[in-house]
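I'd like to ask you about the structure that follows.
The values are calculated or read from the model by the stated rules, or taken from the named source; none is laboratory data. In this text the structure is predicted, and so the values were computed from the model without any measurement. Note that each Cβ is placed from the backbone with ideal geometry, even for glycine, and that neighbours are counted across all protein chains shown.
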Amino acid sequence: MKEMMYSEFVELYESLAATSKRLEKVAIMAVFLKKLKEKGKSEWIFLLKGRVIPEYDSREIGISGQLTIKAIAKALGIPQETIVERYKKVGDLGVIAQELTEKKKQVTLFSKKLSVSNVFENIKKLVSIEGKGTVDKKMSLIAEIIGDASPNEAKYIVRTLLSDLRIGVADGIIRDSISLAFFPDEPEMNTKIQESYDLANDFSIVFQAAIKGKEEFKKITVTPGKPINVMLAVKAKDIDEAFEICGKPAAFEYKYDGFRLTIHKYHGEITLFTRRLENVSIQFPDVVKAIKENIKADSFILDAEVVGYDPKTKKYLPFQAISQRIKRKYYIEKLLSQLPVELNIFDVLYYNGQSTLELKFIDRRKIIEKIVSTRRLIIRPAKQIVTSDVKKAQEFYEESLEIGEEGVMIKKIDAPYQQGRKVGYMAKLKPELKDLDLVIVGAEYGSGKRGGWLTSYIVACKNQDEFLEIGKVSSGLKEIEGQEGATTYEEMTRLLKPLIEEEKGNYVKIKPKIVVSVTYQNIQKSPSYSSGYALRFPRIATYRPDKGIKEIESLKDIEKLTV
Ligand code: ATP
């Protein structure tokens, strides 16, 4: 069998890019997959997503635009400045590599033909090179393949390096193509392929199974140490709907306002993954320690929510308070005491050598209760009740909000663990954030395009006869008539100008009269405003000419929202 050439991939990329129709893309890719089965390696399927390693592997090719420019320059023997200049105009390094290769080919006659293996292996090396001389080594590897590439090949090599193929292919298209190529008359295999992909997070394994035959899919299961996609919840609007989704009785748990971790233990080693499958074990030595000391089992995969609490008051904190812990890889010691976390274990996917995905939720919960010790503010099985009683469930929900959690999760007690967001397994119930009606008490003039208009507004709530500031909002209005948004800045300026009471530089104090509805992401305590609170990411939803200042939010309303 002849070696597979990179040009065959490039032809595929071009045909996929040439159509926006999903079904056509699937058909084209299915034909290609049959060819790949004959001539190639199953891991080359990653190239269809502009990757060279499985999706569960969060390492990156890690090539910046800058390095790519250097490598193109080196490979083609042209000054970097030429590429930078062109980049300012074209904005796509792939296309630039293509143009420049074209020019070069007119003067040089000979180059080697690129095999898929050449391209794949060189790019794969980029992922693992570390240490001294990394940049030079990476550049040589890239220059080597670009140097031998045809113009079109150069375009796609560069796009692969930058993880942006621009051919309109998502996971669903690859799944459907595998299905069409290998099981054209068995539509039920499409679901099987998706389920297997959810478990493996690796298209090469799924592709390999499809090649070998249906039975192979049975072998794809969870493996501790390898990250896995988690189960997500559908929304319920109230307790009744939660029961409709999950049946009666259902399990209710606090919806902790933290972030999700899957915790793997295998051969004595503990690894933590985020929902996006990033390994964050280094960032959380406290969590690793809590697990080592408080969970009795040789191997497992647990699903959990990590919640921050205030080290002084011991009260739970919203997610934002601890979000910096996810990213911080160095000097974390200090953070451990400043931003301590509690671990709430709510599911188990693997236990002592076996997958538990197929067990009923109540049986999985029994395992959790058996192996997880409860240590206040360190680790515990998620707080849970099982009930059919609407009133009891409602009380539990309110209790959760009372102590500062987000709401409740509702789980079907006899359901298996199901990855992804599907109806009938798990629901979430939390209060909808409603827009706040607030009054404008100050404003600032804009600059540039918005010069002459009042474009930032200080908004306030009321406390008896007083108005207390709660934030500054400058988005949501339209710049010009006809654009999406509430009112125009110009119109708002016209409304506010007659109400100006005082001017101080750029700032004007406004007589409270104009009421606006403001959306926001959350409310935080803040000394910056007289209410003691600040809206995060506020945005004007609408001007409310129908509302008077008596109808705006009170400080008490705001306090309730921040419990
Ligand atoms: P949201 O913004 O509401 O968290 P989401 O899209 O991030 O939504 P969903 O699956 O829809 O995620 O909501 C459930 C999330 O709530 C889970 O991903 C998990 O991180 C968190 N959570 C908190 N407590 C629990 C619990 N007891 N059981 C399951 N998930 C929980």
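Within the range 269-290, is there a residue that is aromatic (Phe, Trp, Tyr), in contact with a Ser or Thr (Cβ under 7 Å, 6 or more places away or on another chain) and either within 16 Å of the ligand (Cβ to nearest atom) or closer than 24 Å to residue 432 by Cα (or both)? Spell out the reasoning first.
Restricting attention to the range 269-290, the residues satisfying the condition of being aromatic (Phe, Trp, Tyr) are 273, 284.
Checking the rest, the ones that are also in contact with a Ser or Thr (Cβ under 7 Å, 6 or more places away or on another chain) come to 273.
Now drop any that are not either within 16 Å of the ligand (Cβ to nearest atom) or closer than 24 Å to residue 432 by Cα (or both), which leaves 273.
Checked against the condition, which is being aromatic (Phe, Trp, Tyr), in contact with a Ser or Thr (Cβ under 7 Å, 6 or more places away or on another chain) and either within 16 Å of the ligand (Cβ to nearest atom) or closer than 24 Å to residue 432 by Cα (or both), the range 269-290 yields at least one hit.
Right, here's the next one. Tell me the residue from 8, 14, 102 that is within 16 Å of residue 145 (Cβ to Cβ), of a type in the set (Asp, Glu) and touching a residue at least 40 places away in the same chain (Cβ under 8 Å), please. Walk me through how you get there before you give the answer.
Numbers: 14 fails: within 16 Å of residue 145 (Cβ to Cβ); 102 fails: within 16 Å of residue 145 (Cβ to Cβ).
The match here is 8.
Looking at the range 421-519, what strands (runs of 3 or more DSSP E) fall wholly within it and have at least 3 residues that are surrounded by fewer than 12 Cβ atoms within 10 Å (Cβ to Cβ)? It would help to see each step written out before you state the result.
Details: elements: 426-429, 436-445, 454-463, 466-473, 500-504, 507-510, 515-519.
Ranges flagged: 500-504.
Still on this structure, I have one more. Do you know which of the residues in the range 211-248 that are in contact with a Lys or Arg (Cβ under 6 Å, 6 or more places away or on another chain) and more than 16 Å from the ligand (Cβ to nearest atom) is farthest from residue 398 (Cα to Cα)?
211
Give 554, 531 a once-over and let me know the one that is at pLDDT 95 or above, touching a strand residue (DSSP E or B) at 6+ places or on another chain (Cβ under 9 Å) and not assigned by TED's automatic domain parsing to the domain that holds residue 406.
On the way: 554 fails: at pLDDT 95 or above.
Sole residue among the options that is at pLDDT 95 or above, touching a strand residue (DSSP E or B) at 6+ places or on another chain (Cβ under 9 Å) and not assigned by TED's automatic domain parsing to the domain that holds residue 406: 531.
Test residue 430 against the stated conditions and say whether it is on the phi < 0 side of the Ramachandran plot, in contact with a Ser or Thr (Cβ under 6 Å, 6 or more places away or on another chain) and in contact (Cβ under 8 Å) with a residue 24 or more places away in the chain. Step through it out loud before you land on a result.
Numbers: on the phi < 0 side of the Ramachandran plot: yes; in contact with a Ser or Thr (Cβ under 6 Å, 6 or more places away or on another chain): no; in contact (Cβ under 8 Å) with a residue 24 or more places away in the chain: yes.
Answer is no for this residue.
Let me ask something else. Report whether or not residue 320 is more than 19 Å from residue 418 (Cα to Cα) and either among the polar types (S, T, N, Q) or assigned by TED's automatic domain parsing to the domain that holds residue 535 (or both). Break it down into steps so the answer makes sense when it comes.
Details: more than 19 Å from residue 418 (Cα to Cα): yes; either among the polar types (S, T, N, Q) or assigned by TED's automatic domain parsing to the domain that holds residue 535 (or both): yes.
Judged against the criteria, residue 320 is a match.
Condition check ((1) more than 13 Å from the ligand (Cβ to nearest atom); (2) at pLDDT below 95; (3) buried (at least 17 other Cβ atoms within 10 Å of the Cβ); (4) closer than 18 Å to residue 241 by Cα) across all residues:
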site: 378; (1), (2), (3), (4): yes, no, yes, no
site: 381; (1), (2), (3), (4): no, no, yes, no
site: 391; (1), (2), (3), (4): yes, no, no, yes
site: 409; (1), (2), (3), (4): no, no, yes, yes
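Are there strands (runs of 3 or more DSSP E) fully within the range 204-285 with at least 1 residues that are touching a Pro at 6+ places or on another chain (Cβ under 8 Å) and crowded, with 21+ Cβ neighbours inside 10 Å? List them.
On the way: elements: 250-255, 259-266, 269-274.
Hits in the range 204-285: 259-266, 269-274.
Scan (1) within 30 Å of residue 184 (Cα to Cα); (2) in the same structural domain as residue 419 (by TED's automatic domain parsing); (3) of a type in the set (Asp, Glu) for the single condition residue 241 breaks and write down its number.
(1)
Specify which of the listed residues (55, 60, 153, 85) is farther than 30 Å from residue 197 by Cα and either loosely packed, with under 13 Cβ neighbours inside 10 Å or touching a residue at least 24 places away in the same chain (Cβ under 8 Å) (or both).
Numbers: 55 fails: farther than 30 Å from residue 197 by Cα; 60 fails: farther than 30 Å from residue 197 by Cα; 153 fails: farther than 30 Å from residue 197 by Cα.
Matching residue, one of 55, 60, 153, 85: 85.
When you check residue 115 against the structure, is it under 20 Å from residue 17 (Cβ atoms) and in contact (Cβ under 8 Å) with a residue 40 or more places away in the chain, yes or no?
On the way: under 20 Å from residue 17 (Cβ atoms): no; in contact (Cβ under 8 Å) with a residue 40 or more places away in the chain: yes.
Against the criterion (under 20 Å from residue 17 (Cβ atoms) and in contact (Cβ under 8 Å) with a residue 40 or more places away in the chain), residue 115 does not qualify.
Every residue in the range 294-331 that is closer than 15 Å to residue 368 by Cα and either out of contact with any Leu (no Cβ under 6 Å at 6 or more places or on another chain) or at pLDDT below 95 (or both), please. Spell out the reasoning first.
Here is the first cut: in the range 294-331, the ones closer than 15 Å to residue 368 by Cα are 294-305.
Hits for the range 294-331 are 294, 295, 296, 297, 298, 299, 300, 302, 303, 305.
Based on this model, can you work out whether residue 197 counts as modelled with pLDDT of 90 or more, closer than 20 Å to residue 36 by Cβ and within 20 Å of the chain's Cα centre (by Cα)?
Details: modelled with pLDDT of 90 or more: yes; closer than 20 Å to residue 36 by Cβ: yes; within 20 Å of the chain's Cα centre (by Cα): yes.
Yes: the conditions hold for residue 197.
Would you check if there is a residue in the range 195-203 being touching a Leu at 6+ places or on another chain (Cβ under 8 Å) and outside any helix (DSSP H, G or I)?
Yes, the range 195-203 contains at least one residue that is touching a Leu at 6+ places or on another chain (Cβ under 8 Å) and outside any helix (DSSP H, G or I).
Given the criteria touching a residue at least 60 places away in the same chain (Cβ under 8 Å), in a loop (DSSP other than H, G, I, E, B), within 16 Å of the ligand (Cβ to nearest atom) and of a type in the set (Ser, Thr, Tyr), does residue 397 qualify? Lay out the reasoning, then the answer.
Details: touching a residue at least 60 places away in the same chain (Cβ under 8 Å): yes; in a loop (DSSP other than H, G, I, E, B): no; within 16 Å of the ligand (Cβ to nearest atom): yes; of a type in the set (Ser, Thr, Tyr): yes.
The answer is no for residue 397.
With the structure loaded, tell me whether residue 330 is assigned by TED's automatic domain parsing to the domain that holds residue 368 and within 21 Å of residue 382 (Cβ to Cβ) or whether it fails that test. So that I can check it myself, show each step before the final result.
Details: assigned by TED's automatic domain parsing to the domain that holds residue 368: yes; within 21 Å of residue 382 (Cβ to Cβ): no.
So residue 330 does not fit the description; no.
Additional query: Of all residues in the range 286-301, how many are over 24 Å from residue 404 (Cα atoms) and crowded, with 19+ Cβ neighbours inside 10 Å? Talk me through it step by step, then tell me what you get.
Keep residues of the range 286-301 that are over 24 Å from residue 404 (Cα atoms), which gives 288-289, 291-301.
Add one more test, that the residue is crowded, with 19+ Cβ neighbours inside 10 Å, and what stays is 291, 295, 300-301.
Qualifying residue count for the region: 4.
So, in the range 62-79, of the ones that are among the hydrophobic types (A, V, I, L, M, F, W, C) and under 11 Å from residue 138 (Cβ atoms), which residue ends up modelled with the lowest pLDDT?
Checking each candidate, the answer is 63.
Please pick out the residue among 88, 34 that is assigned to a helix (DSSP H, G or I), within 30 Å of residue 182 (Cβ to Cβ) and not hydrophobic (A, V, I, L, M, F, W, C).
On the way: 88 fails: within 30 Å of residue 182 (Cβ to Cβ).
After applying the criteria, what remains is 34.
When you check residue 248 against the structure, is it touching a residue at least 60 places away in the same chain (Cβ under 8 Å) and assigned by TED's automatic domain parsing to the domain that holds residue 391, yes or no? Break it down into steps so the answer makes sense when it comes.
Working: touching a residue at least 60 places away in the same chain (Cβ under 8 Å): yes; assigned by TED's automatic domain parsing to the domain that holds residue 391: yes.
In short, yes.
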